[in-house]
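For reference, the structure is listed below as structure tokens.
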Amino acid sequence: MTTTNVPATAALDELHAWHTGVRAQFPIITGAPQLAYLDNAATTQKPQAVLDAVQHYLTTGNANAGRGTYTWANRTTALVEETRQRIKEFLGDPDPERSGVHFVSGATAGLRAVAHDWLAGHLSDGDEIVVPLADHQANIVPWLEVRDLLARQGLRIRVRPMPYQAGSGDYDPAALASLAGPRTRFVAVTHVHHVYGGDMNVHRIRQAVGPDVPICLDAAQSVGHIPVSLADLDVDFAVFSGHKALALPGSGAVWARNARGPAFVPGGWDGSPNTTGIRSLLAAFDWLDSVGTGRVERWAAALAARLTEGLRHLPAYEVVGCRRSLAADADVQRRQGIVTFRHRGIDSGDLGFALFDHGFMVRSDSLCQGSGGERQHSVRVSLHAYNSPAEIDRLLDVLEACA
């Protein structure tokens, strides 16, 4: 197979000039043209606008927030509140007057805060929660921790595994509707799956579980990658990491709707916020709005289609997830810039090392998937606006040589 046979999608042609301008704004990408960074589901690179905003903050007005009466402190306090409101706007908050935004170090810390500081106090003996055991461990372990914590207090909480559709990795809303009952008190879901790359159709979950059950959304792979509308999804919590959304590591937020059940209040003392990380979130969301998050989604999905189309012609490889989305012209193309695959004869870890020898940085291990997921390790390619068709074509050439 030659990569010239891999069809270019209309999106790649239409957005070519846009992509060229976007890629030029990432100094770590343009500074290492011999390398291809394809691990954006683990962390994203930072555009110059985010780097400049952070540097400007640190060199002109760095101070703590909520403490002090001098100008720098007041300015930082205002920055924190401005970013809270900006997050609500960016995520399409349906009721910003009622909701709250609480800054955390990342999605894992945020999900654990929802579990321990909110859910644990609102469950009774015999209640049930639905947990997606084939999703990321960060969206599994906190809920199991709550179950075990309450068990030590003599309360029995039943964990119901989220049902999935065979072969695709998508949720099964019909099966969930049959599973949910009068003791269902909470459902945890993922917006975009970190292994299968699919939009998990979270908008169908509300209909399946009814109007009163709180739903918590792991948005780590959607915020910063695709447009997000919390109004359309009708969830009660949304948690994301800044470092996966073009902002700095150690930043993130819990959005709480505060409509079903008591308001979410993080436990413990409210210490000093990560003001640098918060500034980077504000800059990242401003940058995404300027380039168009919808365009980011279309570009990454088109690159994923180019890759799956190429892998479809390499029988030595098995693509994980929905088989119907492999062809670039498939009637179902819902991979959101994430393609996970295995070589039928080469260990995934060994393949990852081999790819790095050729300049490709990919993820190759269990991908932190829960016990209900894949049993074998795999290689994951995850894409963003700064990745190029040339990188995909070169990767396919190397994969073909390994076959």
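The values are calculated or read from the model by the stated rules, or taken from the named source; none is laboratory data. Treat the numbers as computed from the prediction; the structure is a model and nothing was measured. Positions of Cβ are backbone-derived with ideal geometry, glycine not excepted, and every protein chain shown enters the neighbour counts. The accessibility values were calculated without ligands, DNA or RNA, using every heavy atom of the protein model including side chains. Shrake-Rupley method; radii C 1.70, N 1.55, O 1.52, S 1.80 Å.
Can you confirm whether D397 is touching a residue at least 60 places away in the same chain (Cβ under 8 Å), acidic (D, E) and assigned by the TED database to the domain that holds A32?
Criteria met by D397.
I need every pair where a residue in region 45-63 that is in contact (Cβ under 8 Å) with a residue 24 or more places away in the chain has its Cβ under 8 Å from the Cβ of a residue that is open to solvent by less than 50 Å² (accessible area, probe 1.4 Å) and among the aromatic types (F, W, Y), sequence separation at least 6 or different chains.
Qualifying pairs under 8 Å: Q45/F26; Q45/Y37; Q45/Y386; K46/F26; P47/F26; P47/W287; A49/W287; V50/W287.
Given the conditions (1) open to solvent by 60 Å² or more (accessible area, probe 1.4 Å); (2) in contact (Cβ under 8 Å) with a residue 24 or more places away in the chain, and given that R147 satisfies all but one, which numbered condition is not satisfied?
Of everything listed in (1) open to solvent by 60 Å² or more (accessible area, probe 1.4 Å); (2) in contact (Cβ under 8 Å) with a residue 24 or more places away in the chain, R147 misses just condition (2).
Residues that are in contact (Cβ under 8 Å) with a residue 24 or more places away in the chain, among the basic types (K, R) and not assigned by the TED database to the domain that holds A17: does region 299-317 have at least one?
No, there is no match, as no residue in region 299-317 is in contact (Cβ under 8 Å) with a residue 24 or more places away in the chain, among the basic types (K, R) and not assigned by the TED database to the domain that holds A17.
Looking only at region 204-231, filter to residues that are among the polar types (S, T, N, Q) and closer than 19 Å to L281 by Cβ; which one of those is surrounded by the fewest Cβ atoms within 10 Å (Cβ to Cβ)?
The extreme case among them is S229.
Which one is modelled with the lowest pLDDT among residues in region 303-335 that are within 18 Å of Q165 (Cα to Cα) and touching a strand residue (DSSP E or B) at 6+ places or on another chain (Cβ under 8 Å)?
R334
Among the residues of region 89-96, is any open to solvent by 70 Å² or more (accessible area, probe 1.4 Å), among the small types (G, A, S) and closer than 30 Å to R23 by Cα?
no
Restricting the first residue to region 244-270 and requiring it to be farther than 17 Å from A53 by Cα and outside the structural domain of G121 (by the TED database), which pairs with a second residue that is part of a strand (DSSP E or B) and among the aromatic types (F, W, Y) meet a Cβ separation below 6 Å and a spacing of at least six or different chains?
So the pair list comes out empty.
Of all residues in region 156-176, which are on the phi < 0 side of the Ramachandran plot and open to solvent by 50 Å² or more (accessible area, probe 1.4 Å)?
Hits for region 156-176 are R156, R158, R160, P161, Y164, Q165, A166, A174.
Go through P211, P227 for me and flag whichever is within 15 Å of the chain's Cα centre (by Cα) and at pLDDT 95 or above.
P227
Go through region 322-403 and tell me which strands (runs of 3 or more DSSP E), entirely inside it, have 2 or more residues that are among the acidic types (D, E) and open to solvent by 50 Å² or more (accessible area, probe 1.4 Å).
Ranges flagged: none.
Conditions tested, residue by residue: (1) under 23 Å from the mean Cα position of the chain (by Cα); (2) more than 23 Å from T293 (Cβ to Cβ); (3) not assigned by the TED database to the domain that holds D212.
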| site | (1), (2), (3) |
| --- | --- |
| N40 | yes, no, yes |
| Y57 | no, yes, no |
| W118 | yes, yes, no |
| E145 | yes, yes, no |
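Which residues, counting only those in region 97-122, are open to solvent by 50 Å² or more (accessible area, probe 1.4 Å), of a type in the set (G, A, S) and within 20 Å of V213 (Cβ to Cβ)?
G121
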